[in-house]
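To start, the structure itself, in structure tokens.
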Amino acid sequence: MNNLTNRQKQAINTKFKITEIALELFKSKGIKKVKIKDICNKANVSIGTFYHYFDSKEKILEKSYIQIDSMIAENIENIVYENNLDRILKLFNRANILIEDLGWRFVADAYTHLLTSEDRYSLCSKRYPYVLIKESLEKGIIAGEFLPNFNPEEVSEVCMRLGRGMVFDWCLHKGSYSLTSESEKSIITYLKTFQVKI
């Protein structure tokens with residue numbers, strides 16, 4: 001950010017502030033109950049400023065996926081892993097801790113929006129979680145941890161589907177169980193199919 005002008009820095013800070021406050025309000029009230037006016041009042045910006053950065057409050061949800069991926073990537077990069085399965089499990093663990101912290105209502109609103117949105121970032125195979133899972137599976141095959149008879153890209157896709165399904169189920173149960181521990185059990189059960197038996 002050193003090469004940016006003061007105006008550019010201010011724009012980045014304003015957009016971040018709007019995002020942060022909107023997510024906080026979505027989390028506490030639910031997206032349907034939050035009006036753009038509420039976000040603007042709390043962020044101390046005009047409605048025109050809001051629309052300069054976002055077309056709608058739902059766009060903030062779409063952009064939050066990118067922020068969550070960045071937070072997970074930062075959080076996971078310096079962790080020591082026992083093996084490549086452990087690396088995948090730690091990815092899901094960190095992601096699910098963040099999701100649990102956001103709360104089932106917020107996440108249910110986000111999923112509801114995803115169903116009708118044209119934005120498909122959450123399905124993009126270039127997202128950090130997809131890349132890390134695929135890379136871990138490939139390294140695991142080379143290290144002799146996983147069998148060589150499967151396609152890491154397909155298995156990483158199924159892992160992500162499984163993760164999304166677990167989050168959806170957790171929302172249906174209104175967050176009544178530990179998403180983190182239940183997801184781990186499901187991922188382990190699925191990936192055992194591809195592990196080398198010792």
Of (1) in a helix (DSSP H, G or I); (2) under 24 Å from residue 111 (Cα atoms), residue 14 fails just (2)
Filter result for the condition that a residue is surrounded by 19 or more Cβ atoms within 10 Å (Cβ to Cβ), outside any loop (DSSP other than H, G, I, E, B), in contact with an Asp or Glu (Cβ under 8 Å, 6 or more places away or on another chain) and at negative phi, over 50, 92
92
Does residue 197 fit the bill of being over 23 Å from residue 126 (Cα atoms), in contact with a Phe, Trp or Tyr (Cβ under 6 Å, 6 or more places away or on another chain) and basic (Lys, Arg)?
no
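Looking at region 178-197, which of its residues are without any contact (Cβ under 8 Å) to a residue 40 or more places away in the chain and not hydroxyl-bearing (Ser, Thr, Tyr)? It would help to see each step written out before you state the result.
From region 178-197, those without any contact (Cβ under 8 Å) to a residue 40 or more places away in the chain are 181-182, 185-186, 189-190, 192-193, 197; that's our starting set.
Result: 182, 185, 192, 197.
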Which members of region 82-110 meet the condition of being among the β-branched types (Val, Ile, Thr) and under 14 Å from the mean Cα position of the chain (by Cα)?
97, 99, 107
Scanning region 161-198 for residues that are of a type in the set (A, V, I, L, M) and modelled with pLDDT under 95, the one farthest from the chain's Cα centre (by Cα) turns out to be 198
Being outside any helix (DSSP H, G or I) and either over 30 Å from residue 34 (Cβ atoms) or in the same structural domain as residue 64 (by TED's automatic domain parsing) (or both) is true for just one of 183, 125. Which residue is that?
125
Of residues in region 77-89 being of a type in the set (A, V, I, L, M, F, W, C) and surrounded by 15 or more Cβ atoms within 10 Å (Cβ to Cβ), the one farthest from residue 170 (Cα to Cα)
85
Has region 35-43 got any residue that is out of contact with any His (no Cβ under 8 Å at 6 or more places or on another chain) and surrounded by fewer than 11 Cβ atoms within 10 Å (Cβ to Cβ)?
yes
Restricting to region 127-152, what's the tally of residues that are within 30 Å of residue 175 (Cβ to Cβ), over 13 Å from the mean Cα position of the chain (by Cα) and not hydrophobic (A, V, I, L, M, F, W, C)?
2
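Matching residues to (1) surrounded by 14 or more Cβ atoms within 10 Å (Cβ to Cβ); (2) out of contact with any Asp or Glu (no Cβ under 8 Å at 6 or more places or on another chain); (3) under 20 Å from residue 193 (Cα atoms):
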site	(1), (2), (3)
137	yes, yes, yes
142	no, yes, yes
149	no, yes, yes
152	yes, no, yes
155	yes, yes, yes
166	yes, no, yes
171	yes, yes, no
Can you pull out every residue in region 95-106 that is crowded, with 21+ Cβ neighbours inside 10 Å and under 19 Å from residue 159 (Cα atoms)?
95, 96, 99
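The values are calculated or read from the model by the stated rules, or taken from the named source; none is laboratory data. This one's a predicted model, so the numbers in the text were calculated from it and none came from an experiment. Positions of Cβ are generated from backbone atoms using ideal geometry, with glycine treated the same way; all protein chains shown enter the neighbour counts.
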